[in-house]
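Student: Dumping the structure here so I can ask a few things about it.
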Amino acid sequence: MSEINSLNKINKNRDSLVSIGMLACLFLVLVLLDFVFPAVLSGFNSNSIIFMVLKKGAIYALVAVSMNLLNGFTGLFSLGQAGFMLLGAYTYAIFTIPQDAHAQVYQYFDGGIIHITLPVFVALMLAGLVAAFFAYLIGLPVLHLKSDYLAIATLGFAEIIRAIFQWDKLGGITNGSNLLRKYPVFKSATFYFIVAGICIAIIVMLINSTYGRAFKAIRDDEVAAEAMGINLAHHKQLAFTISSFFAGISGALLAMFQTTIQASQFKSAMTYEILLIVVIGGIGSVTGSCIASFLFIACSEWWLRFLDNANLNFTPLQIFRPGFRKVVFSVVIMLIVLFYQKGIMGESEFSISRIVGSIKKLFAKNKKVKKA
């Protein structure tokens, strides 16, 4: 039995390393396409719908995986992801606005009170650290709650943060209810893929570590996990803080993507969208969250957009109109949830061994058909 367990661990580690390697190869291809072979992409510009979907999909993939770390792998039902994204987005924007742009951005608050300009990558890390710091403080009282009570507490935190950041008394820092702008942005989709990919790879390595196994033990049975010597409070706090750290980084990426940021954008509906992506992809599946993120963004932002065209109406009844794609999109989501109750991937991962196994089964079936 010990030899079998050791072999299973080796196979799991090998699959995870191969998955990370495949992800790295994908990033390399994107870099080559984006920088070395610009002629390939000459038919598209950086603001085209394809690149919009790729960039937003990468951002949502990161925040969905961070939420899955908490909800799927640790079993903590949190709905505060939008609040941590807000903290990350504002931290990045506040500390990267150039000095000569403060007078324009903070025109109603005498140019603001923070006049520190940090490099982009330092501000990205700071965005994650600020979100993690607030998560640590919030986690001290709320992580003693369970299930729906924890969800309500974290959702309330997100709404409180959103209201505070629009408070005019803090206008010298947050610009009140006005937009933050003039900070550095990246038009290349490669940047978003690289940052999101590195963060997701770190989360995958964490899940496959001893801490990840402790998280899964807490998810499966808290009493048994505690009996095995796992410190429940410490590991819950750790999962909550790490999840919020990566949510803060995704918030900073969202600020870059949108070029302007405002607290009113981070409503509870954003958290529900992220939770929906996690459920569609599969609770407890990293690759499922990534696949579902791109499918969700592509369907809602691109593929179904033609349904909003009123010129497609061929009957007196005005079926096609602006907003009709949302109705169809909701029906599609209901069908996916009905037929894939555990999500697209369930609790499984998209690994190289599964691909090889599927190919072998396909060839075996073809041989049987030929012999018959």
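Student: I need the full set of residues from region 84-105 which are surrounded by fewer than 24 Cβ atoms within 10 Å (Cβ to Cβ) and among the aromatic types (Phe, Trp, Tyr), in order please.
Tutor: The one that is surrounded by fewer than 24 Cβ atoms within 10 Å (Cβ to Cβ) and among the aromatic types (Phe, Trp, Tyr): 95.
Student: Against the definition (in a loop (DSSP other than H, G, I, E, B), surrounded by fewer than 24 Cβ atoms within 10 Å (Cβ to Cβ) and under 22 Å from the mean Cα position of the chain (by Cα)), how does residue 77 come out, yes or no?
Tutor: Numbers: in a loop (DSSP other than H, G, I, E, B): yes; surrounded by fewer than 24 Cβ atoms within 10 Å (Cβ to Cβ): yes; under 22 Å from the mean Cα position of the chain (by Cα): yes.
Spelling it out, residue 77 is indeed in a loop (DSSP other than H, G, I, E, B), surrounded by fewer than 24 Cβ atoms within 10 Å (Cβ to Cβ) and under 22 Å from the mean Cα position of the chain (by Cα).
Student: When residues of region 112-153 are filtered for being of a type in the set (Ser, Thr, Tyr) and either in contact with a His (Cβ under 7 Å, 6 or more places away or on another chain) or over 22 Å from residue 71 (Cβ atoms) (or both), how many remain?
Tutor: 1
Student: Identify, please: which residue in region 329-360 is small (Gly, Ala, Ser) and either part of a loop (DSSP other than H, G, I, E, B) or closer than 16 Å to residue 277 by Cβ (or both) and is, among those, modelled with the lowest pLDDT?
Tutor: Checking each candidate, the answer is 351.
Student: Related question: Which pairs do you get when a residue that is among the small types (Gly, Ala, Ser), found in region 95-117, comes within reach of a residue that is modelled with pLDDT of 85 or more, reach meaning Cβ atoms under 6 angstrom, with the pair 6+ apart or on two chains?
Tutor: 101/182; 111/102; 111/103; 112/102; 112/106; 112/172
Each row is one residue, and each column tells you yes or no for (1) touching an Asp or Glu at 6+ places or on another chain (Cβ under 6 Å); (2) open to solvent by 20 Å² or more (accessible area, probe 1.4 Å); (3) under 16 Å from residue 266 (Cα atoms).
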| site | (1), (2), (3) |
| --- | --- |
| 132 | no, no, no |
| 140 | no, yes, no |
| 153 | no, yes, no |
| 156 | no, yes, yes |
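Student: May I ask you to list the residues in region 119-142 that are in contact (Cβ under 8 Å) with a residue 40 or more places away in the chain and over 22 Å from the mean Cα position of the chain (by Cα)?
Tutor: Selection gives 140 alone.
Student: Specify the residue that is most open to solvent (accessible area, probe 1.4 Å); the eligible residues are those in region 164-173 that are without any contact (Cβ under 8 Å) to a residue 40 or more places away in the chain and part of a helix (DSSP H, G or I). Even if it seems obvious, please write down each step before you answer.
Tutor: From region 164-173, those without any contact (Cβ under 8 Å) to a residue 40 or more places away in the chain are 164, 167-170; that's our starting set.
From the residues that got through so far, the ones that are part of a helix (DSSP H, G or I) too are 164, 168-170.
Numbers: 164: 69, 168: 96, 169: 158, 170: 58 Å².
It comes out as 169.
Student: Just give me the residues in region 183-232 being out of contact with any Gly (no Cβ under 9 Å at 6 or more places or on another chain), open to solvent by 70 Å² or more (accessible area, probe 1.4 Å), in a helix (DSSP H, G or I) and not acidic (Asp, Glu), in sequence order.
Tutor: 198, 202, 210, 211, 213, 223, 227
Student: I've got another one for you. Kindly evaluate residue 283 against the criterion of being modelled with pLDDT of 85 or more and either assigned to a helix (DSSP H, G or I) or over 22 Å from residue 63 (Cβ atoms) (or both).
Tutor: no
Student: Quick one: would you say residue 66 is under 19 Å from residue 215 (Cα atoms), open to solvent by less than 10 Å² (accessible area, probe 1.4 Å), of a type outside the set (A, V, I, L, M, F, W, C) and in a loop (DSSP other than H, G, I, E, B)?
Tutor: Values: under 19 Å from residue 215 (Cα atoms): yes; open to solvent by less than 10 Å² (accessible area, probe 1.4 Å): yes; of a type outside the set (A, V, I, L, M, F, W, C): yes; in a loop (DSSP other than H, G, I, E, B): no.
So residue 66 does not fit the description; no.
Student: Looking for whichever is touching a helix residue (DSSP H, G or I) at 6+ places or on another chain (Cβ under 6 Å), at pLDDT 90 or above and either buried (at least 20 other Cβ atoms within 10 Å of the Cβ) or not in a helix (DSSP H, G or I) (or both) here; the options are 118, 124. Which one fits?
Tutor: Within the list 118, 124, the selection yields 124.
Student: Given the criteria over 16 Å from residue 85 (Cα atoms) and touching a Ser or Thr at 6+ places or on another chain (Cβ under 7 Å), does residue 213 qualify?
Tutor: On the way: over 16 Å from residue 85 (Cα atoms): yes; touching a Ser or Thr at 6+ places or on another chain (Cβ under 7 Å): no.
Here the answer is no, as residue 213 does not meet what is asked.
Student: Which numbered condition in (1) farther than 20 Å from residue 252 by Cα; (2) out of contact with any Phe, Trp or Tyr (no Cβ under 7 Å at 6 or more places or on another chain); (3) modelled with pLDDT of 90 or more is the only one that residue 73 fails?
Tutor: (2)
Student: Does residue 279 satisfy being more than 11 Å from the chain's Cα centre (by Cα), within 25 Å of residue 347 (Cβ to Cβ) and without any contact (Cβ under 8 Å) to a residue 12 or more places away in the chain?
Tutor: No; evaluated as a whole, the condition is false for this residue.
Student: Here's something else I'd like to know. Can you tell me which of 255, 239 is buried (at least 16 other Cβ atoms within 10 Å of the Cβ) and farther than 18 Å from residue 143 by Cα?
Tutor: 255
The values are calculated or read from the model by the stated rules, or taken from the named source; none is laboratory data. Since the structure is predicted, the reported quantities are computational estimates derived from the model, not experimental observations. Positions of Cβ are generated from backbone atoms using ideal geometry, with glycine treated the same way; all protein chains shown enter the neighbour counts. Side chains are part of the model used for accessible areas, which takes the heavy atoms of the whole protein and leaves out ligands, DNA and RNA. Shrake-Rupley method; radii C 1.70, N 1.55, O 1.52, S 1.80 Å.
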